[in-house]
1. Of the residues 15, 21, only one is out of contact with any Gly (no Cβ under 7 Å at 6 or more places or on another chain) and more than 24 Å from residue 143 (Cβ to Cβ); which?
2. State which residue is nearest to the chain's Cα centre (by Cα) when the search covers only region 169-191 and only residues that are more than 19 Å from residue 207 (Cβ to Cβ) and among the small types (Gly, Ala, Ser).
3. Give me a count of the residues in region 70-87 that are surrounded by fewer than 18 Cβ atoms within 10 Å (Cβ to Cβ) and either in contact (Cβ under 8 Å) with a residue 60 or more places away in the chain or outside any strand (DSSP E or B) (or both).
4. Given the criterion of a type outside the set (Asp, Glu) and within 30 Å of residue 45 (Cβ to Cβ), identify the matching residue among 144, 175, 209.
5. Go through region 1-44 and count every residue that is touching a residue at least 60 places away in the same chain (Cβ under 8 Å), within 18 Å of residue 58 (Cβ to Cβ) and assigned to a strand (DSSP E or B).
6. Under the condition of being assigned to a loop (DSSP other than H, G, I, E, B), free of Cβ contacts under 8 Å to residues at least 60 places away in the same chain and β-branched (Val, Ile, Thr), which residue from region 45-54 is surrounded by the fewest Cβ atoms within 10 Å (Cβ to Cβ)?
7. Could you please give the count of residues in region 149-168 that are within 14 Å of residue 209 (Cβ to Cβ) and either within 16 Å of the chain's Cα centre (by Cα) or β-branched (Val, Ile, Thr) (or both)?
8. Residue check, residue 141 against (1) farther than 12 Å from residue 197 by Cα; (2) within 18 Å of the chain's Cα centre (by Cα); (3) modelled with pLDDT of 95 or more, all met but one. Which one?
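The values are calculated or read from the model by the stated rules, or taken from the named source; none is laboratory data. Only a predicted model underlies this, so the values are computations on that prediction, with no experimental measurement involved. Here Cβ is always computed from backbone atoms with ideal geometry, including for glycine, and neighbour counts include all displayed protein chains.
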Amino acid sequence: MKKILVLGGHLDDSILAVGGILRKCVDLGGTVSVMCFGNGDEAFTTLADRDTCVERFKAEAVKAHKILGVDDFECLDVPDFAVQENRETYRECMRAIRRVRPDVILGHGWLEYFQHRAMARLACDSWWQAGWECSADLGEPWAAPSMYHFEVLHTLPEPTHIVDITDTFDAKIEAWRQFETAQDHLGSMFDQLEARARFHGSKIGVTYAEALTRSYFIPQKVDNVLEEL
């Protein structure tokens, strides 16, 4: 039974990027944990909603992840635009890895706006350092076997893995539908999610799919060249 950990920038990133994969993992008997930083404080389109958008967006995120079978969901309550690379965010990523002890880490791709680029770096570096004998207050060291990057807004240029989510795409859409707070400024995402899923699906002969790119930031050890390369 594999453990999956998603390190996300914002409350909805895991749904948009890998919602189908997460539901599929749970259906197959795996466990999924999601940790994100941004709390949705910029998700208001009128000044009247400014003081309530965080509470609403976070509640919507909890409901959305439950639809995908994710009970272990944590938001670190950082302002959306403050999702950056620093000591605190780095340590929180390490803490999450050591707490969950995942087999697979899913993190942002490199080609998006600065908060997502920051998360791509944080995920890679913390994946590496979480396995060191250091920072003992964050838990026992844990070296996750693998990490993959996902896409939220910009298509991964060279995905290494494409996952058939035809049977879980409806759950992904239903999860995204829970984010009522975001519909005013991200309502077009329904069309984008379907278009992207069909695009990736067409590459492997299925209706819907999601793309991942495996990270080799930590090189893979090879003992038997003929069997492992």
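1. Details: 21 fails: more than 24 Å from residue 143 (Cβ to Cβ).
Matching residue, one of 15, 21: 15.
2. 182
3. Let us first name the residues in region 70-87 that are surrounded by fewer than 18 Cβ atoms within 10 Å (Cβ to Cβ), namely 71-72, 74, 76-77, 79, 81-82, 84-87.
Those still in the list that are either in contact (Cβ under 8 Å) with a residue 60 or more places away in the chain or outside any strand (DSSP E or B) (or both) too: 71, 79, 81-82, 84-87.
Summing the residues that are surrounded by fewer than 18 Cβ atoms within 10 Å (Cβ to Cβ) and either in contact (Cβ under 8 Å) with a residue 60 or more places away in the chain or outside any strand (DSSP E or B) (or both) in region 70-87 gives 8.
4. On the way: 144 fails: within 30 Å of residue 45 (Cβ to Cβ); 209 fails: within 30 Å of residue 45 (Cβ to Cβ).
Selected residue: 175, the only one of 144, 175, 209 that is of a type outside the set (Asp, Glu) and within 30 Å of residue 45 (Cβ to Cβ).
5. Total meeting the criteria: 7.
6. That would be 46.
7. Going through region 149-168 one residue at a time, the tally reaches 12.
8. Every condition holds for residue 141 apart from (2).
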